[in-house]
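> Got a structure for you, written out below as structure tokens; questions coming shortly.
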Amino acid sequence: MKVIAESSSTRTEWAVVDGDKIVEHAFTTGLNPYFQSRRELSHSIRLELPEAFFRRRWDHVYFYGAGCANKEKTKIMESSLVAQFRTPVTVESDLLGAARGLLVRQPGLACILGTGSNSCLYDGHEIVKNVPPLGYVLGDEGSNAYLGKLFIADMLKGIAPKNLTQAFFERYSVTHNMLMDEVYTNSLPSRALAKYAAFLAEHVDNSYVYNLIYEGFTRFFARNIAAYDYRNNPVCFVGSTAMTFRAILERAALDFGVKISKIIPNSLPGLVEFHAED
């Protein structure tokens, strides 16, 4: 039996797996070694996971997570997991998790649209090409953090429609200064920005909101997908943003000339299938 986990910066999904069957299932907050220390990661794992995940030593722990794309950060995550589970651990990037979850062992293009965004060309086992996502400041086009950033900036500059701005401040009871603090003093700024995408989802019929989201997705295709051979590979998406704004994503893809093969909310079922033979 093994443990498989898939983590964004916002949420981590965990499963104890026996073959291809999930026998325990749980969610914790997102785990990201770029923004959290080993101690903070260990604290979240131990206190938020049900005791059933610690009843025995598993054969292996497979963890796919945001912030786990370089060796230094991967070691932090590995150390935390080994300390809690005391079993062999493999830590991979959330992008490889998305690719294996979306395509299992089929080659194609795998895309994440959630708190952040990313994309890759996958050969059926590993990533063979990746356009750097660059994070919420320089990239992450089309993600919840990106859309939240654009909307908050438009509100604070007086560009967003006044009725929408009024509805926002009534809903969240925040001030301009509080929003600035959330972005510039928060240890998890992308998560702070991403949460406001929920407000956009509630007002998607507003033309300003629709266009903001549509343009965000168009920029994702232009700055990421255009670098791959998207006409001769299946293009698949995973993540909350892709699911929430599916109709707009499909429209932006069609206008860009991309045919989307699959959109799913999370990678775990495909990861269970991928590791069933381990």
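The values are calculated or read from the model by the stated rules, or taken from the named source; none is laboratory data. Keep in mind the model is a prediction, meaning the values are calculated, not measured. Here Cβ is always computed from backbone atoms with ideal geometry, including for glycine, and neighbour counts include all displayed protein chains. These accessible areas exclude ligands, DNA and RNA; they are computed on the full protein's heavy atoms, side chains included. Shrake-Rupley method; radii C 1.70, N 1.55, O 1.52, S 1.80 Å.
> Scan Lys149, Lys157, Lys195 and give me the residue that is modelled with pLDDT of 90 or more, of a type outside the set (S, T, N, Q) and under 30 Å from Ile260 (Cβ atoms). Explain how you work it out, then say what you get.
Details: Lys157 fails: under 30 Å from Ile260 (Cβ atoms); Lys195 fails: modelled with pLDDT of 90 or more.
Selected residue: Lys149, the only one of Lys149, Lys157, Lys195 that is modelled with pLDDT of 90 or more, of a type outside the set (S, T, N, Q) and under 30 Å from Ile260 (Cβ atoms).
> Report yes if some residue within the stretch 107-118 is at pLDDT below 90 and touching a Phe, Trp or Tyr at 6+ places or on another chain (Cβ under 6 Å); otherwise report no.
No, the stretch 107-118 contains no residue that is at pLDDT below 90 and touching a Phe, Trp or Tyr at 6+ places or on another chain (Cβ under 6 Å).
> When Leu179 is evaluated against the numbered criteria (1) among the hydrophobic types (A, V, I, L, M, F, W, C); (2) assigned to a helix (DSSP H, G or I); (3) at pLDDT 90 or above, which criterion, by number, is the only one it fails?
For Leu179, the failing item is (3).
> Would you confirm, using the coordinates I've provided, whether Thr28 is within 22 Å of Ala242 (Cα to Cα), free of Cβ contacts under 8 Å to residues at least 24 places away in the same chain and open to solvent by less than 40 Å² (accessible area, probe 1.4 Å)? I'd like the intermediate steps shown before the answer.
Numbers: within 22 Å of Ala242 (Cα to Cα): yes; free of Cβ contacts under 8 Å to residues at least 24 places away in the same chain: yes; open to solvent by less than 40 Å² (accessible area, probe 1.4 Å): yes.
Against the criterion (within 22 Å of Ala242 (Cα to Cα), free of Cβ contacts under 8 Å to residues at least 24 places away in the same chain and open to solvent by less than 40 Å² (accessible area, probe 1.4 Å)), Thr28 qualifies.
> Let me ask something else. How do the pairs read when you match residues in the stretch 208-222 that are among the charged types (D, E, K, R) with residues anywhere that are not in a helix (DSSP H, G or I), using Cβ under 9 Å and keeping only pairs 6 or more apart or on different chains?
Close Cβ pairs (under 9 Å, with a partner that is not in a helix (DSSP H, G or I)) amount to Arg219/Glu141; Arg219/Gly142.
> Still on this model: Within the group Asp20, Asp59, which residue is exposed (fewer than 14 other Cβ atoms within 10 Å of the Cβ), modelled with pLDDT under 90 and not small (Gly, Ala, Ser)? Can you show your working first?
Details: Asp59 fails: modelled with pLDDT under 90.
Of the residues listed, the single one that is exposed (fewer than 14 other Cβ atoms within 10 Å of the Cβ), modelled with pLDDT under 90 and not small (Gly, Ala, Ser) is Asp20.
> For the stretch 152-176, give me each residue that is assigned to a loop (DSSP other than H, G, I, E, B) and either open to solvent by 20 Å² or more (accessible area, probe 1.4 Å) or in contact (Cβ under 8 Å) with a residue 60 or more places away in the chain (or both). Explain how you work it out, then say what you get.
The initial filter retains those residues of the stretch 152-176 that are assigned to a loop (DSSP other than H, G, I, E, B), namely 157-161, 173-175.
Within the stretch 152-176, Lys157, Gly158, Ile159, Pro161, Ser173, Val174, Thr175 meet the criteria.
> Hey, does the stretch 245-259 have a residue that's in a helix (DSSP H, G or I), modelled with pLDDT under 95 and open to solvent by less than 40 Å² (accessible area, probe 1.4 Å)?
Filtering the stretch 245-259 for residues in a helix (DSSP H, G or I) gives 246-256.
Applying the additional criterion that residues be modelled with pLDDT under 95 yields none.
No: zero hits.
> As an exercise: evaluate Val128 against (1) at pLDDT 95 or above; (2) in contact with a helix residue (DSSP H, G or I) (Cβ under 7 Å, 6 or more places away or on another chain); (3) open to solvent by 70 Å² or more (accessible area, probe 1.4 Å); (4) not polar (S, T, N, Q) and give the number of the one condition it does not meet.
If we test Val128 against (1) at pLDDT 95 or above; (2) in contact with a helix residue (DSSP H, G or I) (Cβ under 7 Å, 6 or more places away or on another chain); (3) open to solvent by 70 Å² or more (accessible area, probe 1.4 Å); (4) not polar (S, T, N, Q), just (2) comes out false.
> Quick test for you: out of Leu47, Leu96, pick the one residue that is at pLDDT 95 or above and in a helix (DSSP H, G or I). Reasoning before the result, please.
Values: Leu47 fails: at pLDDT 95 or above.
Answer to the check: Leu96.
> While we're on this one: Looking at (1) part of a helix (DSSP H, G or I); (2) among the aliphatic types (A, V, I, L, M); (3) under 25 Å from Pro269 (Cβ atoms), find the lone condition where Leu109 falls short.
Failed condition: (1).
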